[in-house]
Amino acid sequence: MTEAMDAGVQDVDKGRLIYEGKAKKVYQGPQPDTYVVTYKDDATAFNGEKKGTIIGKGVVNNRISGILFRYLEDKGIPTHYLEALSDRETLVRALTIIPVEVVVRNRVAGSMAKRLGLPEGQVLPYPVVEFYYKNDALGDPLVTESHVTALGWASRAEVATLQTLALRIGELLTDFFAQRGVVLVDYKLEFGRDSSGNVRLGDEISPDTCRFWDAASGEKLDKDRFRRDLGGVEEAYAEILRRVEVTD
């Protein structure tokens with residue numbers, strides 16, 4: 001990535017800072033029920049134990065997420081995306097985030113491999129859906145559907161919606177990336193309720209939240225390059241952006 005990737009960044013009309021996370025800042029938006037999301041270059045792993053900077057990551061992830069949110073919207077998936085405002089900033093619908101991360105695994109990797117002692121890369125016969133409680137202090141623990149409903153994080157109907165949407169998103173993204181020579185190994189999604197109470201996809205879709213492997217070589221093209229000190233992190237993110245932007 002080069003400094004040129006930040007060209008075109010402009011001042012965006014945004015209000016007070018509402019939230020700052022590990023990878024993004026969220027500001028009050030210029031219209032009611034909107035937020036402005038600003039993508040950062042900060043990188044963390046292992047629940048914040050490892051920290052660093054991936055130069056240009058904010059620009060790349062903003063672009064990738066924008067393209068993928070528009071693609072999903074066109075396929076009937078309700079998202080928070082409204083429009084890109086600059087290279088690093090996007091206007092989104094305001095959501096009340098459901099405090100549950102939905103992880104869908106097509107292959108064994110990451111924590112699943114460690115937790116179950118399985119070889120990384122093992123193809124699963126069908127996608128496995130997992131829920132994690134969004135709580136950095138606790139390390140985002142794995143929870144069951146019963147935890148989610150009993151503790152009031154989401155209703156039974158909402159949990160069913162999360163599962164249905166997560167699997168449909170996976171079908172769409174798996175096909176999208178397969179056409180670009182990329183295997184979607186697994187992915188993390190976050191959802192929230194809009195002002196009408198409807199569940200929508202939020203957060204981002206990027207090499208920060210998905211595992212992408214090159215279909216031919218198996219090369220990792222995602223945040224695992226940062227987690228595992230593999231090098232070539234910026235180049236991997238830029239390669240995913242290049243493939244995502246392919247329209248043929």
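With respect to Ser65, is the statement that it is at pLDDT 95 or above and over 27 Å from Arg168 (Cα atoms) true? It is false that Ser65 is at pLDDT 95 or above and over 27 Å from Arg168 (Cα atoms). When Ser195 is tested against (1) out of contact with any helix residue (DSSP H, G or I) (no Cβ under 9 Å at 6 or more places or on another chain); (2) of a type in the set (S, T, N, Q); (3) in contact (Cβ under 8 Å) with a residue 24 or more places away in the chain; (4) in a helix (DSSP H, G or I), exactly one condition is not met: (4).
Pick from region 66-82 the residues that are aromatic (Phe, Trp, Tyr) and surrounded by 18 or more Cβ atoms within 10 Å (Cβ to Cβ): which of them is farthest from Val199 (Cα to Cα)?
By that ranking, first place goes to Phe69.
One residue stands out in region 83-126 among those that are among the charged types (D, E, K, R) and touching a Phe, Trp or Tyr at 6+ places or on another chain (Cβ under 6 Å): the one that is nearest to Asp194 (Cα to Cα), namely Glu101. On the basis of being without any contact (Cβ under 8 Å) to a residue 12 or more places away in the chain and over 21 Å from Ile67 (Cα atoms), does Arg225 make the cut? Yes. Candidates in region 83-98 are the residues that are touching a residue at least 40 places away in the same chain (Cβ under 8 Å) and farther than 12 Å from Gly202 by Cβ; of these, the one that is surrounded by the fewest Cβ atoms within 10 Å (Cβ to Cβ) is Ser86.
Scan region 32-42 and tell me whether some residue there is at pLDDT below 95, of a type in the set (Phe, Trp, Tyr) and farther than 25 Å from Glu239 by Cα. No, region 32-42 contains no residue that is at pLDDT below 95, of a type in the set (Phe, Trp, Tyr) and farther than 25 Å from Glu239 by Cα.
The single condition among (1) basic (Lys, Arg); (2) part of a helix (DSSP H, G or I); (3) within 17 Å of the chain's Cα centre (by Cα) that Lys25 does not meet is (2). When region 105-119 is filtered for residues that are in contact (Cβ under 8 Å) with a residue 40 or more places away in the chain and either surrounded by fewer than 11 Cβ atoms within 10 Å (Cβ to Cβ) or among the polar types (S, T, N, Q) (or both), only Asn106 remains.
Kindly check whether there is at least one residue in region 1-19 that is at pLDDT 95 or above and aromatic (Phe, Trp, Tyr). No, that holds for no residue.
Yes/no matrix, rows are residues, columns are (1) within 25 Å of Ile55 (Cβ to Cβ); (2) modelled with pLDDT of 95 or more; (3) of a type in the set (Phe, Trp, Tyr); (4) not assigned by TED's automatic domain parsing to the domain that holds Glu120:
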position: Ala150; (1), (2), (3), (4): no, yes, no, no
position: Leu167; (1), (2), (3), (4): no, yes, no, no
position: Lys220; (1), (2), (3), (4): yes, yes, no, no
position: Ala238; (1), (2), (3), (4): yes, yes, no, yes
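Checked against (1) surrounded by 12 or more Cβ atoms within 10 Å (Cβ to Cβ); (2) touching a residue at least 24 places away in the same chain (Cβ under 8 Å), Asp136 passes all but a single condition, namely (1). Can you find a residue that is in contact with a strand residue (DSSP E or B) (Cβ under 9 Å, 6 or more places away or on another chain), assigned to a helix (DSSP H, G or I) and more than 15 Å from Leu173 (Cα to Cα) anywhere in region 210-224? Yes, region 210-224 has at least one match.
Screening region 198-222 for residues that are touching a residue at least 40 places away in the same chain (Cβ under 8 Å) and of a type in the set (Gly, Ala, Ser) and picking the one that is surrounded by the fewest Cβ atoms within 10 Å (Cβ to Cβ) gives Gly218.
The values are calculated or read from the model by the stated rules, or taken from the named source; none is laboratory data. Quick caveat: nothing in here was measured; it's all calculated off a predicted structure. Note that each Cβ is placed from the backbone with ideal geometry, even for glycine, and that neighbours are counted across all protein chains shown.
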